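Take a look at the structure below.
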Amino acid sequence: MQQYGVDSKIGMIVSTIMGSTETTLYTIAIYTSVIKIKKTRGVLIAALIGDIVGMLISVAICRFLS
């Protein structure tokens, strides 16, 4: 952010990716502990796929808007 600035294309993409994927580990930890799931492999795979999709969509939207 110091090098490119917050209003640059890179700053917007990074901020959007961070906002769309920041709760993955939190969600896995809280939801699996609440419903007492011991095997989190499937949940982790689904969350990581969701993160990848979120990153790709973030880049596409930021490129489209700027």
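Values quoted throughout were computed directly from the atomic coordinates according to the rules given, and no laboratory measurement underlies them. Bear in mind that the values here come from a model prediction, so they are computed numbers and not experimental data. Please note: Cβ atoms are built from the backbone with ideal geometry, for glycine as well, and neighbour counts cover all protein chains shown.
Key figures for this structure:
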quantity	calculated
So Gly54, is it small (Gly, Ala, Ser) and touching a residue at least 12 places away in the same chain (Cβ under 8 Å)	yes
Scan of the range 19-30 for residues that are outside any loop (DSSP other than H, G, I, E, B) and either of a type outside the set (Val, Ile, Thr) or closer than 20 Å to Val6 by Cα (or both), ordered by number	Gly19, Ser20, Thr21, Leu25, Tyr26, Ala29
Filter pass, Ile13 being closer than 19 Å to Val59 by Cβ and either touching a Ser or Thr at 6+ places or on another chain (Cβ under 7 Å) or not in a helix (DSSP H, G or I) (or both)	yes
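Each row is one residue, and each column tells you yes or no for (1) in a helix (DSSP H, G or I); (2) out of contact with any helix residue (DSSP H, G or I) (no Cβ under 9 Å at 6 or more places or on another chain).
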| site | (1), (2) |
| --- | --- |
| Gly5 | no, no |
| Ile17 | yes, no |
| Thr32 | yes, no |
| Lys38 | no, no |
| Ala46 | yes, yes |
| Met55 | yes, no |
| Ala60 | yes, yes |
| Phe64 | yes, yes |
